[in-house]
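Report on the structure given below.
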Amino acid sequence: MSPYTLSVLMSSLAVGTITTLSSYHWFLAWMGLEINTLAMIPLMTKLHHPRATESATKYFLTQATASALILFSTIMNAWVTGEWTIVNMNHNTSTTILTVALAIKLGVAPFHLWLPDVLQGLNMMTCLILSTWQKLAPMALLILTSHHLNTNLLILMALMSMIAGGWGGLNQTQMRKIMAYSSIAHLGWMVMIMPFTPNLALLNLLVYIILTSSMFSTLMALNSTNMNKLSISWLKTPTLAALSMVVLMALGGLPPTSGFLPKWLILQEMTKQHLNALSVIMAMSALLSLFFYLRLSYTISLTSPPHISNSNLAWRKKNNLQLIPMMITLSMMMMPVTPMLLMMN
């Protein structure tokens, strides 16, 4: 792809997201989402491969359906209440349709089936953009309207996302599908706390973006798309392979990594709301996700494929690793700043 074309598409992604984040009128927010979708599709099809075309088609159909539902719900709300502002969604049917539409946009269960298939057909950089940047605009709309949305519906979708994300990733060997199911499980945690403390959902989104960016950057540096390639990564870059285990533990939510911080605060808030049964289910569903993160860590550190080479170390390619140490440091070191984050909250 031409650098000029790439710069135009990336600028359009930024403009679309910033338009949605800075708008107070539903039509402007919808327009930003559409710019985002239309800028993403050429990035997905730059591989010129049937799988990439299939992924772009699936992505376009799901996002177009969600955009149509958002437009329909906002027009219905404006018809009943006379309000086009985002924070005034007072019509029950409109808020239910809006919740479903944003769930489709984000890939929240039971509308999550498109996400693993779409990610599997893309390259790692496009997967990174789709898993992080493309979550910002729908999540901002969800946070802005959280006080009007149906709490029971959000809790139900969040529980389904946590269970589907953990269960779906158990038998996967492709790294992109594993990261897709990881995204679904993390979205479940964000949606669960949304009706009670939106600030915690925002913190969880920030930590999720840092951890996912670290993992995808590591996979790009190791050139690993499945577990077989991951098992020989320690031959190429032993230090990076060791640090990638720390990122996997952070994604699983083990202390003292940064991934433990949002889970701890969310479970604490849920118990304060006297939702003990939900807290237990959430903690148990986190164990499902932790299992396949541990399996990946085992693959990186304790397995090696049979080879006939007499050399202990494989030929190493010079990688561009400037950002990876900073991302991995953030993945490990956010726990000490918890009191400051709580004061900001």
Amide H contacts under 5 Å for Asn226, placed H, 5+ residues apart: Met175
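With every protein chain present, what is the per residue accessible area of the chain (1.4 Å probe, Å²)?
The answer is 45 Å² per residue.
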Can you compute the charge dipole magnitude of the chain about its Cα centre, using +1 on each Lys and Arg Cβ and -1 on each Asp and Glu Cβ, nothing else charged? Give it in debye, rounded to the nearest 20. 960
Using +1 at the C-beta of Lys and Arg and -1 at the C-beta of Asp and Glu, which of Leu251, Leu115, Ile70 has the Cα lying farthest in the positive direction of the dipole of the range 3-344? Leu251
Accessible area of the range 3-344 belonging to carbon and sulfur atoms, whole % at 1.4 Å probe: 69
Please give the calculated 222 nm ellipticity per residue for the chain, where each DSSP H segment of at least 4 residues contributes -39500 (n - 2.57) and the sum is spread over every residue; nearest 500 deg cm²/dmol? -24500 deg cm²/dmol
What's the Cα-based Rg to Rh of the range 109-162, Rh via Kirkwood? 1.05
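Among the listed pairs Lys135/Lys236; Lys177/Lys229; Lys105/Lys177; Lys135/Lys272; Lys58/Lys229, which are separated by more than 24 Å between their Cα atoms?
Check vs 24 Å cut-off fails for Lys135/Lys236; Lys135/Lys272; Lys58/Lys229.
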Please list 197-203, 74-80 highest first by mean number of surrounding beta-carbon atoms within 10 Å per residue. 197-203, 74-80
Accessible area in the full protein assembly, largest first, 1.4 Å probe, for Leu119, Leu243: Leu243, Leu119
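Among 183-193, 271-281, how do they line up by average Cβ neighbours within 10 Å per residue, starting with the highest?
183-193, 271-281
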Can you give the relative contact order of the range 92-201 as a percent, counting alpha carbon pairs under 8 Å and 6+ residues apart? 33
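In the range 11-77, which chymotrypsin sites (Phe, Trp or Tyr not before Pro) are in a loop and have at most 12 other Cβ atoms within 10 Å, using DSSP for the loop call?
Tyr24
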D (µm²/s, integer) via Stokes-Einstein for the chain, Kirkwood Rh across alpha-carbon pairs, 4 °C, 1.567 mPa s: value 62
C-alpha center-to-center spacing [the range 1-47, the range 164-200] in angstrom: 24
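The values are calculated or read from the model by the stated rules, or taken from the named source; none is laboratory data. None of these values were measured; they are calculated from a predicted model. Neighbour counts are summed over all protein chains in view; Cβ atoms, including those assigned to glycine, are modelled from backbone coordinates with ideal geometry. What goes into the accessible areas is simple: the full protein's heavy atoms, side chains included, and nothing from ligands, DNA or RNA. Shrake-Rupley method; radii C 1.70, N 1.55, O 1.52, S 1.80 Å.
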